[in-house]
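Below is one structure; the comments refer to it alone.
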Amino acid sequence: IDVLLNATTRRDNKSNIVGVVGVGQDITERKVAEQDLQRVATDLRALIDTANAPIFGIDQDGLVNEWNNKAADISGYTQDEVMGKNLVERFIAVENRIAVKTVLDNALRGQETANFEFPLFTKDNKR
C-alpha cells in the first residue's frame, strides 16, 4: 500500500523533543488512479503522434502547442520549428488569415467548425 505521512515532533512539558507523532493516510487508490491517468495520457499522445492525419493545436494566443508527425511530414516543418510560433501569422497565406483566425478564435470560445478548408504554407513555401 502507499501511505502519505505527516510527521511532527512530540515534546514534553519542558519543550524537549521526546518523539514523533505521525499521521498516515492510505493513498493506494489515488496512486492507482494517477497511474491509470498517466497510461491514458501516454496512449493519447501515441495516437496523436502516429495519426494518419495532420493534427495541430494552438493556445489562447494562437501559438502552436501541438504538431504531430503527419503535420511535420506534409508541411516539412518539424515540431521544434513550429512550437511557440503564431500559426496564422506564420503559416497561413495573408488572404486567408482573417477567415482562419475567426475559425480558431471561435473554437477557443467553444464554437466548433467542421470541414473548413484552408491552405497551409509548407517549409518550401508551397500551398
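Please identify the pairs in which a residue from segment 35-52 that is touching a residue at least 60 places away in the same chain (Cβ under 8 Å) has its Cβ atom under 9 Å from the Cβ atom of a residue that is open to solvent by 100 Å² or more (accessible area, probe 1.4 Å) and β-branched (Val, Ile, Thr), counting only partners at least 6 apart or on another chain. As it stands, the answer is none, since no pair meets every condition given.
Of the residues 52, 16, 68, the single one that is touching a Pro at 6+ places or on another chain (Cβ under 8 Å) and not charged (D, E, K, R) is 68. Residue-level check: of (1) within 25 Å of residue 44 (Cα to Cα); (2) assigned to a helix (DSSP H, G or I), residue 90 misses just (1).
Filtering segment 90-100 to residues that are surrounded by 12 or more Cβ atoms within 10 Å (Cβ to Cβ) and at pLDDT 90 or above leaves 90, 91, 92, 96, 97, 99, 100.
Give just the number: which of (1) outside any helix (DSSP H, G or I); (2) free of Cβ contacts under 8 Å to residues at least 24 places away in the same chain; (3) not aliphatic (A, V, I, L, M) does residue 77 not satisfy? All conditions pass for residue 77, except number (2).
Where strands (runs of 3 or more DSSP E) fall entirely within segment 1-59, those with at least 1 residues that are closer than 30 Å to residue 69 by Cα, open to solvent by less than 90 Å² (accessible area, probe 1.4 Å) and at pLDDT 95 or above are at 56-58.
Of the numbered criteria (1) over 30 Å from residue 2 (Cβ atoms); (2) open to solvent by 50 Å² or more (accessible area, probe 1.4 Å), the one residue 103 fails is (2).
Among the listed residues 72, 53, which satisfies the condition of being closer than 19 Å to residue 124 by Cα and in contact with a helix residue (DSSP H, G or I) (Cβ under 7 Å, 6 or more places away or on another chain)? Answer to the selection: 72. In segment 62-73, the count of residues that are outside any strand (DSSP E or B), farther than 26 Å from residue 111 by Cα and of a type outside the set (A, V, I, L, M, F, W, C) is one or more.
The values are calculated or read from the model by the stated rules, or taken from the named source; none is laboratory data. Worth saying up front: this structure is predicted, and the values here are computed from it rather than measured. Here the Cβ is made from the backbone with ideal geometry for all residues, glycine too, and neighbour counts use every protein chain on show. These area figures cover heavy atoms from the full protein model, side chains too; ligands, DNA and RNA do not enter into them. Shrake-Rupley method; radii C 1.70, N 1.55, O 1.52, S 1.80 Å.
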